[in-house]
Structures are given as structure tokens and as C-alpha cells.
Amino acid sequence: MINLRRLTTNALLISLSLILFFVEGFLPPLILPPGAKFGLANVVTLVALYLLSDFDALTILSTRIFLAGIFAGSPTVILFSLSGGLLSLAAMILLKRTKKFSIIGVSAAGGFFHNVGQILAAIIFMSSQKIFLYLPILGTCGIFVGVLIGLLAKEILRKIFFLTTCGK
């Protein structure tokens, strides 16, 4: 049987993550090196990971990647985004389950592993292991951006918790 509330929640979060993905495309490039992004849409995945099930977070992440790739990219963009996103989500799920890491630590690791997944896809796609040399730069950026995404997600969850416990 279809859970209409779950379906609606996931659809809204997928829509929100797509909006954040497209908004980020309009932002001017900042201090990040080539290939690095802030990944604003990942805040939705992180919030879903803490509010919903692992499967819901996976559904939201993968649907957003496919739709964004169809609307604004190519199969190659989908390949790189999916490889980074899936490895990132797997790492975040495992670290969250240990209960030894804060949401900020989980997110920082997710940022790092997102770049690891993309580097591995690039090595396979381009048949060159030299791309691995770019991991220290992208990995450091991933950790930094992951901390920022984690701080944002923590604040969103705090507000949601406040609204649900203290009335409307």
C-alpha cells in the first residue's frame, strides 16, 4: 500500500533539492577550485537522513541527481554525480549509525567521500590514475563544504524540532 504522506514528503524534498541545485548554478564562483561546488542540494539529503529513513534519503538523492542531470546536464554528469552521491550517502549512513559523530562530522565525511566517488569515476572514465592526485585538493574542499552543509542542516533540524515540540 502506498503511504501518501511519505510520497508527498519525498516529492517535496526532491523538489526543494532541485531548486537548491539550480539556484547554486546562478551563484558566482567563489574561492573553490575547479570541480568543487558547495552542493546546497545536499542539505536536503542530510536533513532527510536524520528525519526520515535511509531509503528515503537515497530516493531523494538519486531522484534529484537523475532529474538535474536530465534538465541541466548529460549522462556523464549523472555518472559523476551518482558515483559521488552514493558513496557519500553510504559513508554518512554508516557514520550516523555508529552514534559517535555529530551531524557536522557525518556531513564533513560525506563531503569528502563525495569527492572520492567522483575521483574514482573519473579514473575509470578517463583511464588515468593521475586524476587521483587531485583528491587532496577536492577532499579538503569536500570536508570544508561538508562542515558548512552540516551546520546548515543542524540549524534546520533545530528549527523543525522547535516547531514540532513548542507549537505553531
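No lab work stands behind these numbers, since they all come straight from the coordinates. Note that this is a predicted model, so its numbers are computed, not measured. So basically every Cβ, Gly included, is an ideal-geometry build from the backbone, and we count neighbours across all protein chains shown.
General remarks:
- For the stretch 1-142, the C-alpha radius of gyration sits at 1.05 times the compact-globule guess of 2.2 N^0.38 Å, with N the residue count.
- For the stretch 85-94, putting each phi into the Karplus relation 6.51 cos²θ - 1.76 cosθ + 1.60 with θ = phi - 60° gives couplings of x, 5, 5, 4, 5, 4, 5, 5, 4, 4 Hz, in residue order, rounded to whole numbers and with x for Gly and Pro.
- Sorting Val77, Val44 by the number of Cβ atoms found within 10 Å of their own Cβ, with the fewest placed first, yields Val77, Val44.
- Relative contact order, percent, the stretch 42-168 [alpha-carbon distance under 8 Å, six or more residues apart]: 26 percent
- With both labels modelled 7 Å from their Cα along Cα-to-Cβ, the Ile160 to Phe71 distance reads 2.1 nm.
- Stretching the chain fully between Arg97 and Thr9 yields a gain of 29.4 nm (0.36 nm per residue, less the alpha carbon separation).
- Per-peptide packing, taken as the mean over residues of other Cβ atoms within 10 Å, places 15-22, 94-101 in the sequence 15-22, 94-101 from highest down.
- Whichever lysines have a C-alpha closer than 25 Å to that of Lys159, once near sequence neighbours (fewer than 8 apart) are set aside: Lys96, Lys99, Lys100, Lys168
- Using the average count of surrounding beta-carbon atoms within 10 Å as a protection proxy, the listed peptides 69-75, 87-93, 120-126 rank, highest first, as 87-93, 120-126, 69-75.
- In the chain, the calculated helix contribution to ellipticity at 222 nm averages -27500 deg cm²/dmol per residue, counting -39,500 (n - 2.57) for every DSSP H run with n ≥ 4.
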